[in-house]
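Visitor: Take this structure, written in structure tokens, and hold onto it; I'll ask about it next.
Read-outs: derived from the displayed coordinates by stated rules, not from any lab. Computed from a predicted model, the values in this text were never measured in an experiment. Cβ atoms come from the backbone with ideal geometry, glycine included; neighbour counts cover every protein chain shown.
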Amino acid sequence: MDTRRLVLVGFVAILLVSAVLVVGCARRAEMEPGTAVVPPAPVEPPASAETIRQIGSTTVLPIAEAWQKKFSETHPSVKIAVSGGGSGAGIEALISGTCEVASSSREIKDKEREQAAAAGVSPVEHIIAHDGIAVVVHPSNPVSELSIEQLSDMFTGKIRNWKDVGGQSGEIQIISRDSASGTYEAFKELVVTLNKTDKERDYAAEALKQASNQAVLTSVAQTKAAIGYIGLGYLDETVKALRVIPMGGGTAVEVTADAVLDGTYPVSRALYMYTNGEPTGIVKEYLDWGKGPEGQAIVAGLGFVPISK
Amino acid sequence: MRKHIAAKNRRHVWEWLIERLTQIAGLLAIVFVLLIFAFLLRDALPVLAQYPLSELLGGTRWSPTAEPEKFGMLPLMLGSLYVTAGALLLAVPLGLACAVFVAEVAPKRVREMLKPAVELLAAIPSVVFGFLGLLLIGPWLADKLDLPIGQFAALGSLILAFMALPTIVSVSEDAIRAVPVALRENSLALGATDWQTICRAVLPAARSGIIAAVMLGLGRAIGETMTVLMVTGNAAVIPRGLLGFLRPVRTMTATIAAEMGETAFRTPHYHALFAVGLILLLITFLTNTIADVVVRRAGRVGS
């Protein structure tokens, strides 16, 4: 009991002393304006400073952030402000004029084009990278190819056993990203909803939700009956990537950078940045740099597919 | 003489100041709780107004990105219930036994080593526990028990039990040690054995402290986020029966943590997550209140 009171008194005493100190210091600074307590006025940015505001897709966010960092090294006078919010939020910001560059993991919708036209904005599309989503299973799984239709049935819970798709009997364990992920949305669009032809379809409630590509990879590598999906850049030999048959049939395609680039691999998409009209000045310089060798090296380093080799 | 009075007055002022300061500190705690509650309520209101409560609390499907979106919280609440109940089932007997051993049975030297060791358990960050569960214990258990996947409710319970253990041991050990020696001596003098003394005299006397320990452990378990996010699989399904423990579940805390980061500001999904937080707060508030009432009643009966 005594120690408790002692601690309390000590605590209050510290509070009081610090309060007195703060007040005292402030007063001293007031009285002696000549002393160097007040920091010098911040250096005004040079008049040539320009700002690029970039808002949009969380999938594109790592690219945008890495570009910003690297580009700022050679262009110290340019201020680039990058934020996420989703593809829709980015395009909305472009239309309302609150950003110069909108990043998006999907093409702009017709409805958004109409809104833009009404606001006097003309969005210009720049493809800045491609992204392939690999469908992965445990290395011991005998299944090596599946169609988009089969994958959709598996991820929605219509097909629940591997023997229905030519594998060994066993309950399919669906391993998904959590709903905050851009990959979750993309895979839902391209596979689960059969390329948006059946919007009623949604991931089965039984699907496990993992917070990162790495977590999906680990879970699939540990689980014999698992199926999951990850960004191409995360693929390694601990899991087996399936060949995917496009919708409506055809030959199964292996997930490779080439197959993503020429569009034959069905679970792939382009990543975009949009500007209002053809970019000029520093925005043009920034996007050209991004589409050039330096920017594309960053794209490849982050596990995405560069726009050309 | 005058000097003496001045000193006395000064002391009075000082006393008064200290009293007021502690009073403010005490009241601040209440203000904080009320403010947190108010802000949660404010951001949860839009979704509470849009969907009937029966659909939010009784809905069996949580799929915030579906069209139309569904915010049924039943799977999340049951997920939290399963994981927390499992954790308490493991941690309470183990923790209580450990506390009895440390307080009553162990020789002094063993006690001096054991207590810091148990308390060290509390210093391990939850993400480390999560890693152990996800990469080592989960796959191992799945292999031994022939489970389809190494992420399930009971794994969360197991690891949470370890995390709640230090709280339970520490608080209940203090409660047991606070039992007056006279009580023990009386019991022994009446011819009771050591074990009879512990379980019929000491433990009942320490009851209120032990209940407090269990409730603190419960609070730790139900509020834990990182570990359950990593090891329970996060599938928003309704767990059924005892087998539900061996299946993936999704807790309320894990849902908020996983989805809040990328949810667009002020969308129904955003507000729904605040509603989950609000319900979580209400649940912990309720358990704390119940514990308080129980402790008070136990205290009265004990004396």
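Visitor: Per q in 0.19, 0.24, 0.28 Å⁻¹, report the Debye log10 I(q)/I(0) for the range B:2-50, using one uniform scatterer on each alpha carbon and no solvent.
Guide: These q points yield log10 I(q)/I(0) values of -0.71, -0.83, -0.93.
Visitor: Modelling each spin label as a point 7 Å along the Cα-to-Cβ direction, I'd like the B:LEU57/B:ILE137 distance in nm, to one decimal.
Guide: Computed distance between label sites B:LEU57 and B:ILE137 equals 3.3 nm.
Visitor: Subtract the Cα-Cα distance of B:LEU188 and B:GLN23 from 0.36 nm times their separation in residues, and report this length gain in nm to one decimal.
Guide: Numbers: separation 165, 0.36 × 165 = 59.40 nm, distance 4.49 nm.
Gain on extension, B:LEU188 to B:GLN23, equals 54.9 nm.
Visitor: Separate question: Each label point is 7 Å from the Cα along the Cα-to-Cβ direction; what then is the distance between the points at A:ALA119 and B:VAL294, in nm?
Guide: Computed distance between label sites A:ALA119 and B:VAL294 equals 5.6 nm.
Visitor: Something else about it: Can you give the extra length, in nm with one decimal, that the chain gains between B:PHE32 and B:ALA66 once fully stretched, where that is 0.36 nm per residue apart less the Cα-Cα distance?
Guide: Length gained between B:PHE32 and B:ALA66: 8.6 nm.
Visitor: Rg and Dmax in Å for the range A:146-205, alpha carbons only: what are they?
Guide: In Å, with Rg to one decimal and Dmax whole: 11.4, 33.
Visitor: Taking H placed 1.01 Å from N in the peptide plane, check which residues at least 5 places from B:ARG247 or on another chain put their amide H under 5 Å from its amide H.
Guide: B:ALA153, B:ALA154
Visitor: I would also like to ask the following. Can you quote the Å³ per residue value for the convex hull of the Cα atoms in chain B, rounded to an integer? Walk me through the numbers on the way to the answer.
Guide: Values: hull volume 68.0 nm³, N = 303.
Measuring per residue, one finds 224 Å³ for the Cα hull of chain B.
Visitor: Exposed loop sites here are trypsin sites (Lys or Arg not before Pro) in DSSP loop states with at most 11 other C-beta atoms within 10 Å. What is the longest stretch of chain B lacking them? All intermediate terms of the calculation are to be shown ahead of the outcome.
Guide: On the way: sites that count: B:ARG240, B:ARG266.
Longest gap between qualifying sites, sites excluded: B:1-239.
Visitor: Which translational diffusion coefficient, to the nearest whole µm²/s, is obtained for the range A:96-155 from the Stokes-Einstein equation, given a Kirkwood hydrodynamic radius over C-alpha pairs, 25 °C and 0.890 mPa s?
Guide: Details: Rh = 15.6 Å.
The estimated diffusion coefficient comes to 157 µm²/s.
Visitor: Just to confirm the number: angle between the C-alpha axis of helix B:2-50 and the first principal axis of chain B, 0 to 90 degrees, nearest 10?
Guide: On a 0 to 90 degree scale, this one is about 20.
Visitor: May I ask for the Kirkwood hydrodynamic radius of the range A:131-268, worked out over all distinct Cα pairs and given in angstroms to one decimal? Walk me through the numbers on the way to the answer.
Guide: Numbers: mean 1/r = 0.0688 Å⁻¹.
Here the Kirkwood hydrodynamic radius works out to 14.5 Å.
Visitor: Scattering from the C-alpha atoms of the protein assembly as shown alone, worked out with Debye: what is log10 I(q)/I(0) at q = 0.08, 0.10 1/Å?
Guide: Each listed q corresponds, in turn, to -0.77, -1.05.
Visitor: Beyond 30 Å between alpha-carbons counts as too far, so tell me which of A:LYS79/A:LYS188; A:LYS109/B:LYS70; A:LYS163/A:LYS196; A:LYS240/B:LYS70 fall in that bin.
Guide: Working: A:LYS79/A:LYS188 35 Å; A:LYS109/B:LYS70 25 Å; A:LYS163/A:LYS196 27 Å; A:LYS240/B:LYS70 34 Å.
Where the Cα-Cα span goes over 30 Å, the pairs concerned are A:LYS79/A:LYS188; A:LYS240/B:LYS70.
Visitor: Same structure again: Where does each of A:GLU185, A:GLU285 land when they are ranked from fewest to most other beta-carbon atoms within 10 angstrom?
Guide: Values: A:GLU185 20, A:GLU285 16.
In order of increasing Cβ crowding within 10 Å: A:GLU285, A:GLU185.
Visitor: Using DSSP, restrict attention to beta bridges with both residues in the protein assembly as shown and report what percent are antiparallel, rounded to the nearest 5. Present the calculation step by step, with values, prior to reporting the outcome.
Guide: Details: 25 of 45 bridges.
Looking only at bridges with both residues in the protein assembly as shown, the antiparallel portion is about 55 percent.
Visitor: Rounded to whole Å and sorted largest first, list the principal axis extents of the Cα atoms in the range B:122-190.
Guide: Sorted from largest, the Cα extents of the range B:122-190 read 57, 27, 15 Å.
Visitor: Where nothing but the Cβ of Lys and Arg (+1) and of Asp and Glu (-1) is charged, how large is the charge dipole of the protein assembly as shown around its Cα centre, in debye to the nearest 20?
Guide: 3060 debye
Visitor: Projected onto the charge dipole of the range B:62-302 (+1 at Lys/Arg Cβ, -1 at Asp/Glu Cβ, origin at the Cα centre), which of B:ALA106, B:LEU90, B:GLY217 gives the Cα projection farthest towards the positive end?
Guide: It is B:ALA106.
Visitor: Which residues does the label zone of B:LEU121 cover in the range B:136-164, counting backbone N under 15 Å from a point 7 Å along Cα→Cβ?
Guide: B:157-164
Visitor: Would you mind estimating how fast the range B:1-154 diffuses translationally, via Stokes-Einstein at 20 °C and 1.002 mPa s with the Kirkwood radius over Cα pairs, in µm²/s?
Guide: My calculation gives 96 µm²/s for D.
Visitor: Treat every Asp and Glu Cβ in the range B:2-50 as -1 and every Lys and Arg Cβ as +1, leave all other atoms uncharged, and give the resulting dipole magnitude about the Cα centre to the nearest 20 debye.
Guide: Values: 7 positive and 3 negative charges, 130 e Å.
So the magnitude is around 620 debye.
Visitor: Under the rule of -39500 (n - 2.57) per DSSP H run of 4 or more residues, summed and divided by the residues of chain B, what mean residue ellipticity at 222 nm is obtained, to the nearest 500 deg cm²/dmol? The partial results should precede the final answer.
Guide: On the way: 12 runs with 211 residues, N = 303.
Only helices count here, giving -23500 deg cm²/dmol.
Visitor: What ³J(HN,Hα) values, in whole Hz, does the Karplus curve 6.51 cos²θ - 1.76 cosθ + 1.60 give for the range A:204-218 when θ = phi - 60°, with x put for Gly and Pro?
Guide: Each residue's phi maps through the Karplus curve to give 5, 4, 6, 5, 6, 10, 10, 7, 8, 4, 4, 5, 5, 4, 4 Hz.
Visitor: Positive end of the dipole of the protein assembly as shown, charges at C-beta (+1 Lys, Arg; -1 Asp, Glu), about the Cα centre: which of B:ALA49, A:SER96, A:MET154 has its Cα farthest in that direction?
Guide: Value computed over the given set: B:ALA49.
Visitor: By counting other Cβ atoms within 10 Å of each Cβ, how are A:CYS99, B:CYS199, B:CYS98 ranked from fewest to most?
Guide: Working: A:CYS99 26, B:CYS199 12, B:CYS98 22.
Fewest to most other Cβ atoms nearby, the residues stand as B:CYS199, B:CYS98, A:CYS99.
Visitor: Rounded to whole Å, give me the distance from the Cα center of the range B:1-44 to that of the range B:237-253.
Guide: Rounded to whole Å, the Cα centres lie 46 Å apart.
Visitor: Which whole-Hz couplings ³J(HN,Hα) result when phi for each residue of the range A:240-251 is put into the Karplus expression 6.51 cos²θ - 1.76 cosθ + 1.60, θ = phi - 60°, listed in order with x for Gly and Pro?
Guide: Per residue, the Karplus-derived 3J(HN,Hα) values read 10, 8, 7, 7, 10, 8, x, 4, x, x, x, 8 Hz.
Visitor: Then there is this: For the range A:224-245 and the range A:290-309, what is the separation of their Cα centres, given in Å?
Guide: 22 Å
Visitor: Just want the ordering: B:MET226, B:MET215, from fewest to most Cβ atoms lying within 10 Å of their own Cβ.
Guide: Details: B:MET226 17, B:MET215 22.
Ranked by crowding around the Cβ, least crowded first: B:MET226, B:MET215.
Visitor: Starting from the Cα-Cα distance between B:ALA49 and B:VAL110, subtract it from 0.36 nm times their residue separation and give me the gain in nm to one decimal. Don't jump to the answer; show the numbers that get you there.
Guide: Numbers: separation 61, 0.36 × 61 = 21.96 nm, distance 5.83 nm.
Separation in residues times 0.36 nm, less the Cα-Cα distance, equals 16.1 nm.
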